[in-house]
1. With the chain treated as a Gaussian network of Cα nodes joined by springs under 10 Å, which of GLN31, GLN82, GLN179 yields the largest mean-square fluctuation?
2. Would you list MET73, MET204 from the most to the least accessible area, probe 1.4 Å?
3. Cα-Cα over 21 Å: which of LYS17/LYS57; LYS54/LYS80; LYS57/LYS80?
4. At R0 = 22 Å, how high is the FRET efficiency between ALA188 and THR37 if r is their beta carbon distance? Nearest 0.05 is fine.
5. Is any helix in the chain, taking whole DSSP H runs, at least 15 angstrom long along its axis by alpha carbon and on average at least -1.0 on the Kyte-Doolittle scale, and which ones?
6. Which residue, SER26, SER77, SER140, tops the fluctuation ranking in a GNM of the chain built on C-alpha contacts under 10 Å?
7. Looking at the chain, which longest stretch skips every one of the trypsin sites (Lys or Arg not before Pro) that is in a DSSP loop with at most 14 other Cβ atoms within 10 Å, leaving the sites themselves out?
8. Would you calculate a helix-derived [θ] at 222 nm for the chain, using -39,500 (n - 2.57) for each DSSP H run of n ≥ 4 and dividing by the full residue count, to the nearest 500?
Amino acid sequence: MLEANGLASWFQEEQQKTENWYLASSNPYQQSGWGSTPERWRCGREVILAAVNKNGKFLDIGCANGLLLESLMQWASEQKLQLIIPYGIDISSRLLELARQRLPDFTNNFAIANALYWRSTTQYDFIHTLLEYVPSQLHSDYIQQLFNTVKQGGRLIISSYSNRSRQQQTFDIVQYLKQLGYPVAGNASSQEQDGWILTRVAWMEKH
């Protein structure tokens, strides 16, 4: 377990690395951590909608500039799927300001917060996160914390993204959650024509 000082340093380093990369360009895709084309962005991220089975509040942990939330809302609307009400938190105030500018009708739905320490009196129909936002030894506690904030009948959605340019593959979220003792209600993945997996998604449902 990391000591308090070590944990603070870990988060500070992660925030700095993220801001250095995301804010190095005015390109909205890079500001959301994506270094490729809009077409591949859709291929890689639209799969998250597989976990959205009803209208409701959708909280994106680490929302960056809000592009993922905006995209999911648009794609769901195009497919006549569910109505997504966007919410987001991020550790970077600079990125969060971009999210508020991107989604001006929902500015009050965004907050600066460290995902590990964040607590909310609001419950959400869907909470989406990556596990890389906290050190690996804290994953189990982090998952439980978020699951407690999911509404009855809602879902905690966990994604794993690959990085093809760095040859970083996704990890098996389903197996990982089972190893941690969490039940998995469903999963999905998106891949390119040659079989390279862009995104894996798994979700837990609150009964």
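The values are calculated or read from the model by the stated rules, or taken from the named source; none is laboratory data. This one's a predicted model, so the numbers in the text were calculated from it and none came from an experiment. Cβ: placed from backbone, ideal geometry, glycine included. Neighbour counts: every protein chain shown. Surface areas here come from the heavy atoms of the whole protein model, side chains and all, with no ligands, DNA or RNA. Shrake-Rupley method; radii C 1.70, N 1.55, O 1.52, S 1.80 Å.
1. Taking springs between Cα atoms under 10 Å, the residue moving most is GLN179.
2. MET73, MET204
3. Violating the 21 Å limit, Cα to Cα: LYS17/LYS57.
4. 0.55
5. 67-78
6. SER26
7. After excluding every exposed loop site, the longest remaining stretch is 120-207.
8. My calculation for the chain gives -9500 deg cm²/dmol from helical runs alone.
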